[in-house]
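The values are calculated or read from the model by the stated rules, or taken from the named source; none is laboratory data. Quick caveat: nothing in here was measured; it's all calculated off a predicted structure. As a convention, Cβ positions derive from the backbone with ideal geometry for all residues, glycine included, and neighbour counts pool all protein chains shown. The accessibility values were calculated without ligands, DNA or RNA, using every heavy atom of the protein model including side chains. Shrake-Rupley method; radii C 1.70, N 1.55, O 1.52, S 1.80 Å.
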Amino acid sequence: MKIQSAAIPLQMVNDTTTEKQGVRLFVLRLDLNHPDISGNKLYKLKYNLQEAEKLGKDTVLTFGGAFSNHIAATAAAGKEYGFKTIGIIRGEEYSELNPTLKFAKECGMELIYVSRKDYKNKNIPAFSNFQIDKFSNYYLVPEGGANELGIKGCTEITKSILVDFDYVCCSCGTGATLTGIILSLKENQKAIGFQILKGENYIKQEVEGWLRKFNHPIKDNYSIEESYHLGGYAKVNPELFSFVERFNKENEIPLDYVYEGKMMFGIYDMIEKGYFEKGKTIVAVHGGGLQGNKGFDKVRTGK
Ligand SMILES: *Cc1c(COP(=O)(O)O)cnc(C)c1O
């Protein structure tokens with residue numbers, strides 16, 4: 001099975017902020033790699049789907065919240081590559097499906113709802129037996145596609161960066177993408193992860209755990225910014241909305257509010273504060289996720 005991605009543009013962003021501080025900023029447009037299996041999720045699914053095929057599994061089972069990019073991507077990938085898909089969704093079922101779940105269902109995903117309390121226990125065996133026993137012959141992809149094969153896929157992200165760079169930035173939900181990027185860094189290159197959920201040292205610990213699994217030394221060639229989550233996962237404010245709107249208007253790059261909007265907000269704040277020395281080249285990895293923005297229409301417009 002060959003998993004295809006379109007060519008990935010590296011788009012230069014040039015505005016008063018980058019000019020004033022004398023840095024070069026590029027955006028790696030993973031959001032354009034596939035219409036539905038967008039962004040870093042394609043990388044995380046790639047080797048998982050190949051493994052599922054190798055093991056002769058006809059079904060892929062995974063987990064996610066009701067607006068999850070990973071759920072949407074897995075459903076689309078199942079349709080494209082011929083797997084049945086099952087999504088275990090956190091929270092109760094609503095009579096009207098939100099755009100993410102509607103899309104997943106249209107791709108053929110079977111949706112199973114579990115309470116938030118049960119969902120918390122999703123990784124313990126009792127939960128698996130209780131919820132999943134009725135399905136057989138499935139291949140399990142963890143929430144967010146975060147496992148070793150997912151990380152292996154993410155080591156290929158930097159291959160599309162065809163300029164010499166000093167810093168590569170990505171947003172972090174599970175830390176799998178950041179780990180893959182760290183594993184692929186060359187000497188003198190640094191990775192910066194932007195944690196988009198609350199929790200002191202949360203991504204730091206996840207990433208250190210993964211790096212140990214890969215027998216990779218834990219060095220100082222990466223850092224994690226914990227101060228741009230705006231209060232927690234999917235928490236937004238008017239400042240973020242106006243930043244994303246302005247950034248899109250100036251550069252024609254749409255950003256999602258959960259991940260890349262917060263990352264880019266953070267990058268600009270750091271550029272303005274002089275974090276990056278003059279002459280440095282920064283690459284921001286745009287991990288896609290735009291399908292999730294529909295869920296913010298009401299808060300954003302106040303209607
Ligand atoms: C899932 C996702 C992330 C987070 O990736 P992790 O590997 O879980 O850290 C970042 N950006 C977007 C758009 C995503 O959909």
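How many residues does the range 1-56 contain that are more than 26 Å from residue 71 (Cα to Cα) and either in contact (Cβ under 8 Å) with a residue 24 or more places away in the chain or of a type outside the set (S, T, N, Q) (or both)?
The number of residues fulfilling the criteria is 15.
Among (1) of a type in the set (S, T, N, Q); (2) at pLDDT 95 or above; (3) within 13 Å of the ligand (Cβ to nearest atom), there is one condition residue 38 misses while meeting the rest; what is its number?
Answer for residue 38: the failing condition is (2).
Enumerate the helices (runs of 4 or more DSSP H) found wholly within the range 223-303, keeping only those where 1 or more residues are under 21 Å from residue 32 (Cβ atoms) and within 16 Å of the ligand (Cβ to nearest atom).
Answer list for the range 223-303: 238-251, 260-272.
Could you look through the range 137-162, keep only residues that are in a helix (DSSP H, G or I) and charged (D, E, K, R), and pick out the one that is nearest to the ligand (Cβ to nearest atom)?
The selected residue is 143.
Quick test of your reading of the structure: residue 28 fulfils all but one of (1) hydrophobic (A, V, I, L, M, F, W, C); (2) away from the ligand (no atom under 16 Å from the Cβ); (3) touching a Leu at 6+ places or on another chain (Cβ under 8 Å). Name the failing condition by number.
In the conditions (1) hydrophobic (A, V, I, L, M, F, W, C); (2) away from the ligand (no atom under 16 Å from the Cβ); (3) touching a Leu at 6+ places or on another chain (Cβ under 8 Å), residue 28 misses (2) alone.
Please specify each residue of the range 194-227 satisfying the condition of being of a type in the set (S, T, N, Q) and in contact with a Lys or Arg (Cβ under 9 Å, 6 or more places away or on another chain).
195, 221, 223
Of all the residues that make up the range 278-303, how many are open to solvent by 40 Å² or more (accessible area, probe 1.4 Å) and free of Cβ contacts under 8 Å to residues at least 40 places away in the same chain?
The total comes to 5.
Can you work out which of the residues in the range 163-178 that are open to solvent by less than 10 Å² (accessible area, probe 1.4 Å) and touching a Leu at 6+ places or on another chain (Cβ under 7 Å) is nearest to the ligand (Cβ to nearest atom)?
Only one residue fits best here, namely 172.
If you take the residues in the range 179-205 that are open to solvent by 10 Å² or more (accessible area, probe 1.4 Å) and not in a loop (DSSP other than H, G, I, E, B), which one is nearest to the ligand (Cβ to nearest atom)?
In this case the residue turns out to be 202.
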